[in-house]
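In what follows, a structure is listed as structure tokens, so that the remarks can point back to it.
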């Protein structure tokens, strides 16, 4: 089949992912304290570096393409990078954090650091691959240097930049960081392009006004939309998403041999929250499976905290598959699977091209 035939699958040999906790498969867990039980209980049967009871959207994307789950670049043990690597880490942002990392909740691995890690990974793995060319067994866990340009480059980042300002500063100040976020996002995509990346699958930011912990913390001080989400928060996110979409249009004109797919994961998540009961979840989409949360206390999933002189352990609910929210911020495996199924088909993408055929977006 010719390349322009949209029935032709792209046959990706690898995925390289950049992002935050929405797609971190163990990077932050490898560097700092491991993510505790009961995270991972549904699918892996133990903590697996993911903030969920099981798989993330990125795991379902890999499954759909017939590729193994991505190993974190930062994990030193039992790593196999033959079919890609994951540079995402929980807490990461597009912009470099200006505050002290540990005080602000930011990760020390913002997007430009993840790109530096990728550049080093590509250079070193290519060198090692060439050294082992005469002995194929030595290269079994390394990417083929010829396949970097045919790999899929997935990006899901920006949530932390926005969540650190939305609701904490006046709305106009929150909106003021968006142009800088877009400029740095643009530089990141062009930097990957310079490294040979040609196939991009770029998620926008989800509806932060629908995050259960955010709703609890705001109390009754914010006006809610018809789905029960904080309208002003989502309006700011939507402004970022529109500017990201505009950036993708602009870059298509500049990088004409690249496929740049803009994926509206915001709509997928919002649709799920708006229609929870009909999609097989509890009628209340803001119920939290793991953790102890009210307006006064937040004990995060798997942690123990002293409340009123009593140690309280934040365990999990009995049936996570009925919950959209796993821990008040992140989604349950069942919700992640629903979201992944909604975007894989391409119906929420611009252009409307499926994941398997995303390399044809520029044809």
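The values are calculated or read from the model by the stated rules, or taken from the named source; none is laboratory data. A quick note: this is a predicted structure, and the numbers were derived from the prediction, not measured. So basically every Cβ, Gly included, is an ideal-geometry build from the backbone, and we count neighbours across all protein chains shown.
Points worth noting:
- Residue 216 in contact (Cβ under 8 Å) with a residue 24 or more places away in the chain and either within 24 Å of residue 188 (Cα to Cα) or touching a helix residue (DSSP H, G or I) at 6+ places or on another chain (Cβ under 6 Å) (or both): no
- Total residues in segment 325-337, condition closer than 20 Å to residue 209 by Cα and in contact with a helix residue (DSSP H, G or I) (Cβ under 8 Å, 6 or more places away or on another chain): 8
- Some residue of segment 220-227 being buried (at least 19 other Cβ atoms within 10 Å of the Cβ), in contact with a strand residue (DSSP E or B) (Cβ under 8 Å, 6 or more places away or on another chain) and in a strand (DSSP E or B): no
- Single residue of segment 157-182 satisfying the filter (surrounded by fewer than 14 Cβ atoms within 10 Å (Cβ to Cβ) and either more than 21 Å from residue 253 (Cβ to Cβ) or free of Cβ contacts under 8 Å to residues at least 24 places away in the same chain (or both)) that is nearest to the chain's Cα centre (by Cα): 180
- Filter result (in a helix (DSSP H, G or I) and touching a strand residue (DSSP E or B) at 6+ places or on another chain (Cβ under 7 Å)) within segment 155-174: 174
- Any hit, segment 60-72, residues being closer than 18 Å to residue 326 by Cα and buried (at least 18 other Cβ atoms within 10 Å of the Cβ): yes
- Any chance residue 55 is crowded, with 21+ Cβ neighbours inside 10 Å and either at pLDDT 95 or above or out of contact with any helix residue (DSSP H, G or I) (no Cβ under 6 Å at 6 or more places or on another chain) (or both): yes
- Checked against (1) within 24 Å of residue 33 (Cβ to Cβ); (2) over 17 Å from the mean Cα position of the chain (by Cα); (3) at pLDDT 95 or above, residue 126 passes all but a single condition, namely (1).
- Within segment 248-363, strands (runs of 3 or more DSSP E) holding 3 or more residues that are closer than 25 Å to residue 147 by Cα and at pLDDT 95 or above: 259-263
- Enumerated helices (runs of 4 or more DSSP H) restricted to segment 15-108, each holding at least 3 residues that are under 14 Å from the mean Cα position of the chain (by Cα) and closer than 21 Å to residue 266 by Cβ: 57-64
- So residue 189, is it under 30 Å from residue 212 (Cβ atoms) and either outside any loop (DSSP other than H, G, I, E, B) or in contact (Cβ under 8 Å) with a residue 60 or more places away in the chain (or both): no
- Annotation note: of 227, 314, the sole residue that is more than 30 Å from residue 179 (Cα to Cα) and without any contact (Cβ under 8 Å) to a residue 60 or more places away in the chain is 314.
- Sole exception among (1) in contact with a helix residue (DSSP H, G or I) (Cβ under 8 Å, 6 or more places away or on another chain); (2) surrounded by fewer than 16 Cβ atoms within 10 Å (Cβ to Cβ) for residue 143, by number: (2)
- Selected residue (criterion: surrounded by the fewest Cβ atoms within 10 Å (Cβ to Cβ)) from residues of segment 192-208 that are touching a residue at least 24 places away in the same chain (Cβ under 8 Å) and assigned to a helix (DSSP H, G or I): 193
- Of all positions in segment 113-135, none carries a residue that is in contact with a strand residue (DSSP E or B) (Cβ under 7 Å, 6 or more places away or on another chain) and assigned to a strand (DSSP E or B).
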